[in-house]
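The values are calculated or read from the model by the stated rules, or taken from the named source; none is laboratory data. Because the structure is a prediction, the values reported are computed rather than measured. Using ideal geometry, Cβ is built from the backbone for each residue, glycine included, and neighbour counts are taken over all protein chains shown. All accessible areas refer to the heavy atoms of the entire protein, side chains included, with ligands and DNA or RNA removed. Shrake-Rupley method; radii C 1.70, N 1.55, O 1.52, S 1.80 Å.
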Amino acid sequence: MAQATTSAAAPTAGARRWKPSQEQIVLIVTALLAIGFSLTLDGFATLGNFLALMRSVAILGILGIAMSVVVIGRGLDLSLVATMAVSSAFALQLIHHGWPWPGACAAGMAVAIGIGLVNGFIIAFVEVPALFTTLATGFLVFGLGRTFLLDGMIIYMPKGQEALEWIGQGRLFGVPAPVLVLALMALVVQVFLARMTLGRFVYAHGDNLETARLTGIAVRPLTMLEYAICAAIGCVAGLVMASSTASMNTQIVNSTLIFDVILVVVLGGVSLVGGRGGVLSVLAGTALIGTLLNGMTILDLDNNVQNIVKGGVLLAAIILDNRLHPRDEETARQGD
């Protein structure tokens, strides 16, 4: 009789142990939302709209992957969009001045990495919080770029740059090139975070700074590396955006794009307290926001309404993250 009772109780205990992760919940919500839009909106459930949806969120996904590297390391980069805009616009301007596009893109990448290293240095060695550092450098990068590097607000891509244009406008087996770039960035960063020693150090750094330092990890140079990687991937996103529109409008710095990036990162399950989440979390968040924005666009909702929805989703995601992952034991004990 006791044996039968034990056997009956085992499945219940096993069932209790299963708990869906945040990214799994987000993917389920995305699927339900897609089904709902498919049943209620004409034109949503078409191959053309699906490809357009993937193309429209590819840049957001690339920026989300960039941001995830520093957020996992318990950081934040509010200068990411400014870095993206200035570095890619600088590359286009060099092409105007006669540089071959590979060299111009490399120079733009060097500018981006330099900005990331400066961010990392100030945060790691001067010990200014990441929020204030990157907020300040975002304004600084935009101002210095407009004053000393760029000739105007909008930098256009010169004619005859088919190879560079393909990155933003081409297709491979029907798949838009920006989606392929997103897949490549996702693969590279996933390998870095999950398979390489430095990637594991990033998780250790975000999970517990003091423990990481005591185990011998050089956390200050590692912080500089995290921000440099974030900026470099941001430059890639900028080049894709510039190739898609044959221009780079630096006024994008004043848009809500940086908040959209934070939204997809936090929503997917990359915790703001660091040490949790990954590339799949970003892709899950990107899928949900892309589906939501696509549906609202088909509904022709006003931009203000869309911002209300995005703001509500972001606030809910931050509250959920705060409840699931309190910053420390003292915070966890504070209750309300």
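Summary table below
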read-out: Boolean, M241 is in contact with a Leu (Cβ under 6 Å, 6 or more places away or on another chain), modelled with pLDDT of 90 or more and either of a type in the set (A, V, I, L, M) or open to solvent by 60 Å² or more (accessible area, probe 1.4 Å) (or both); value: no
read-out: V273 in contact with a Pro (Cβ under 8 Å, 6 or more places away or on another chain) and over 19 Å from S56 (Cα atoms); value: yes
read-out: In segment 196-211, the residues that are closer than 20 Å to A66 by Cβ and open to solvent by 70 Å² or more (accessible area, probe 1.4 Å); value: M196, L198, R200, F201
read-out: In segment 145-180, the residues that are part of a helix (DSSP H, G or I) and surrounded by 14 or more Cβ atoms within 10 Å (Cβ to Cβ); value: G145, R146, L149, L164, E165, I167, G168, Q169, A177, P178, V179, L180
read-out: Counted residues, segment 320-333 - those being at pLDDT below 70, open to solvent by 70 Å² or more (accessible area, probe 1.4 Å), part of a helix (DSSP H, G or I) and not aliphatic (A, V, I, L, M); value: 3
read-out: In segment 130-144, the residues that are over 23 Å from the mean Cα position of the chain (by Cα) and either under 17 Å from M224 (Cβ atoms) or open to solvent by less than 40 Å² (accessible area, probe 1.4 Å) (or both); value: G143
read-out: Within segment 247-284, tally of residues that are more than 23 Å from V191 (Cα to Cα) and open to solvent by 30 Å² or more (accessible area, probe 1.4 Å); value: 8
read-out: Single condition A317 does not satisfy, out of (1) open to solvent by 30 Å² or more (accessible area, probe 1.4 Å); (2) assigned to a helix (DSSP H, G or I); value: (1)
